[in-house]
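The values are calculated or read from the model by the stated rules, or taken from the named source; none is laboratory data. Computed from a prediction, not measured in an experiment: that's the story for all the values here. All Cβ positions, even for glycine, are placed from backbone atoms using ideal geometry, and neighbour counts span all protein chains on display.
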Amino acid sequence: MPEQEETLEQIKIEEKGPGAPKSSFNIKILIFGIPIFIVQLVVVYFVTANILLKKYDSQNALSKSGAKVDSTAMKNQAVELGKNIYPIEDIIVNPADTDGKRLLLTSVGIDLGKPEMLNEVKAREVMVKDIIISTLASKSISQLDDMAYRDTIKTEITTKMKKSMPTIVANTIYFSKYIIQ
């Protein structure tokens, strides 16, 4: 057995040649590999830019056109913002994580879709106040103080109202008073 091992080692040495270095840089990588890699990058760029982005843009255009149809349908129903506002005055809330040391004083106006809904909201005012108070009380001072986050709060109140009172359509919520102490 030791003789066979020696012969295998000798064969390997003979294949490499007596003067060949053990590791050499292959010039073929520079000549063929790098240009092929660059061509692949260019092909991927054009496929992404021309095919995939067009599909993405067309899907966005469809969703935007669907939103336009909905907004035009709402305009056809003669929805006028600010016409049917139900005010709820002076709601005082302790924001989350303040241990009762901070307060939020706010007054809210609910813009309703139809004049008939004013009486319905008046009959359910306690439920509406509870939705507003629980939503505002769940927020931290940093969230309540952030102007950009107020739109999120308005949307959250509107969504909760839709879930608990599906017959009432609230177009938007307005804060007429918003004081943090």
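Note on segment 139-151: among residues that are in contact with a helix residue (DSSP H, G or I) (Cβ under 9 Å, 6 or more places away or on another chain) and not charged (D, E, K, R), the one that is farthest from Lys163 (Cα to Cα) is Ser142. For segment 129-149, the count of residues that are over 25 Å from the mean Cα position of the chain (by Cα), surrounded by 15 or more Cβ atoms within 10 Å (Cβ to Cβ), modelled with pLDDT of 85 or more and in a strand (DSSP E or B) is zero. Within segment 89-117, track down each residue that is surrounded by 15 or more Cβ atoms within 10 Å (Cβ to Cβ) and assigned to a strand (DSSP E or B). Listed by number, the residues that qualify are Ile91, Val93, Leu104, Thr106, Ser107, Val108, Gly109, Ile110, Asp111, Leu112.
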